[in-house]
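Here's the structure, in structure tokens; my notes come after.
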Amino acid sequence: MSIDFILPDIGEGIVECELVEWLVEEGDQVAEDQPIADVMTDKALVQIPAMYSGVIEKLFYKQGEIAKVHAPLYSMKPDDLQSDETLIQQPAQANNIKPVVESSNEALSESITESALENNHKLSKGKAIASPAVRRVARELEINISEVTGSGKKGRVYKDDVVAFEQGGNNNFTSARTLSPQVEPNYVEKIRGVKALMAKAMVESVSTIPHFTYCEEIDMTELIKLRLAFKEDPTVKAVLEEADSKLTMMPFFMKAISLALKEFPVINSQVNDDCTELTYFNDHNIGMAVDSKVGLLVPNVKQVQTKSILDLAIDITRLTNDARSGRVQSSDLKFGTITISNIGAIGGTVATPIINKPESAIVALGKVQVLPRFNDKGEVEARSIMQVSWSGDHRVIDGGSIARFCNLWKSFLEKPSNMLIHMS
């Protein structure tokens, strides 16, 4: 007998997810706990395992379709058939699921609808036989689907029929749409998962937080030399190699921000929605925006104020790798207090970053450029210059506060030895 894998409720209000990729095919022999599929929720990418060792008999969704919680995702025939009572309706355990983004279970409802239409094809004259998805396409193209000649069995209308009809395939049809020229879409993509979550969060942020931006340039010359020296240090190399990590500039940016936050705690605060209370945080949980395979993710390093540069390097490497693969843990995405967006890693010098609500500030780092600057003697030198752009919540942070905070942060980066004085 075959049994269905019922997609479990994995918590946090998730009721559906997108089928990103099947890792097996129908007919494949799989082992217990072998990865079967990658699915995406509005939180992260999640991997679904096999319930038992056995043969995959049916995959209920296609790539890109939406799966519902408490509905079958796939079915399989276990190798070791136990009693029917043992296997039938045995629920999947959510704690076996490793991190998943969002949906509208069109696939399952469509397949059910198609069967119903096939069995009830004796419809009233003029009633088109078509799935909900095809009808939606017709509505989007402003086409009366009952006028489209279907190419399928019993006159079923497919998407290609609708598209061909819209492009003039039926000479008897004159749509009002054709009377005025319009730009025709080449491709329409649903906004789902992390991208949908980001879109909603950004709209809420700019709609409720009065942003202002403060820009500055930082001379990175000395810090770049220090980092290169650290990378060549045998002790540092040994620690990083053992942890399979690397030393980037990000640990220095984070540590310098943390030291500056001790002097300006308002930058690490959060205001409530009606702006009647301001909450300060002792922990500096500094987030970093990562351009991942599933969209923009912002994991954060917890308690930066307690960690060394090497500790930060190890944490940052882990979080970056997890985020880029889309498998970052939900706990790493929560409870951030301030964010860094390193746009310079891709290109660009100045940005106006949007605050990661409910935080109060975010900084965008531009790319490092070798530019001419005057030294103390009035001589021109080639220096490594980085532009930075801070956005602040003007309800709680004023221009003077962000400027003084940025000046202190800048002093730590331009003269790294200053950090030693402020470290506890």
Net charge over other residues, Cβ less than 9 angstrom from the Cβ of residue 26 (K, R count +1; D, E count -1): -2
- request: State whether the stretch 272-407 is rounded, prolate or oblate according to the following rule on the C-alpha gyration tensor (a ≥ b ≥ c being the square roots of its eigenvalues): a/c under 1.5 gives rounded; otherwise a/b larger than b/c gives prolate, and the remaining case gives oblate.
  value: oblate
message: I need to check one value: relative contact order of the stretch 194-422, counting alpha carbon pairs closer than 8 Å and at least 6 residues apart, in percent.
response: 28
Charged-residue dipole, Cβ positions (Lys, Arg, Asp, Glu), the stretch 194-422 about Cα centre, Debye nearest 20: 420
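Ranked from highest to lowest mean number of other Cβ atoms within 10 Å per residue, what is the order of the peptides 322-328, 183-189? Write down the numbers at each step before the final one.
Details: 322-328: 20.0, 183-189: 6.4.
Answer by packing, highest mean first, reads 322-328, 183-189.
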task: Can you tell me what the convex hull of the Cα atoms of the stretch 343-424 projects to on average, as an area in nm²?
output: 7.4
Whether the stretch 194-422 is rounded, prolate or oblate, judged on the alpha carbon gyration tensor where a/c under 1.5 counts as rounded: oblate
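All of the numbers you see were taken from the coordinates with simple rules; none came from a lab. All figures in this text were calculated on a predicted structure; none of them were measured in a lab. Every residue, glycine among them, receives a Cβ derived from its backbone with ideal geometry; neighbour counts consider all protein chains shown.
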